[in-house]
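One structure is given below, encoded as structure tokens.
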């Protein structure tokens, strides 16, 4: 049985969601296998910390654990009252005090203890008084393990493979799915905790990091591009960043601040394999103090009735 998740994260039972998240982030950063390649115990501890956070970050699971309904592994705590001598091979709760069996299939439990037989200790299908029907149960799989993977916005747009180190210390190249979004969850079959019936799965939740100047807009990417007054008035060719690399963008003469230009196919990859666009919005950046510009504009007034556009 796993250790108490509160103790694993080093927080009290009354800790807030914020405190739990903060404790997890601190420990995960310290124990991540990428930083402890020569320390296999760190990988084990990293897995324990992640499993503890997975339970405590889920409000329902945390409440069930606090009430004693599930254990630290998320398994039901359905067996009470097993006094001394009340169990098989040291398992408490199978004698003396009876069963609290609501919602639990006892055939699964005895199948696991007695090598998959449906019967009780006597070896027949009607063991334990004939109440378990002789059905053969598959051995339980190991627990699933939760991971959170931060991905840069350009990598998410291009579906660039991510190098990921799992809790067992193994490193894989994870291919992002088309249409990936912040919060997308990927399932890696058989990459979780080992168990009698096979390993569980690894569940990887994608978190797309904010970018310094790119912003996501659905399948598109937006970019605010500062241009000089000269470039806006006379037109220019300007090198513009995209997730695919820099390209030359043509700004037409007489362009206004706020005008949006479109770069086809420079956005996020959709589920059908096509890509959105990059939308570049021009922002005319005037100098804070330019005596020459002021002299050139002296005596000139723009008489266009711009305010009339708003009905004032």
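Any read-out appearing in this document is the output of simple, stated calculations on the displayed coordinates, not a laboratory observation. It should be emphasised that the depicted structure is a prediction, and the values quoted were computed from it without experimental measurement. Don't worry about glycine lacking a Cβ; one is built from the backbone with ideal geometry, like all the others, and counts go over all protein chains shown.
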In whole Å, what is the distance between the alpha-carbon centres of region 187-206 and region 214-257?
45
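Sort 180-191, 54-65 by the packing proxy (mean of other Cβ within 10 Å over each peptide's residues), most packed first.
Values: 180-191: 14.2, 54-65: 16.3.
Result, highest mean first: 54-65, 180-191.
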Spin-label pair residue 163/residue 286, simplified geometry with 7 Å Cα→Cβ offset, distance in nm:
5.0
Length gained, residue 150-residue 77, 0.36 nm per residue minus C-alpha separation, equals 22.8 nm
Rounded to the nearest 0.05, FRET efficiency between residue 244 and residue 189 (Cβ-Cβ, R0 35 Å) equals 0.60
When the Cα centres of region 171-186 and region 1-72 are compared, how far apart do they sit, in Å?
23
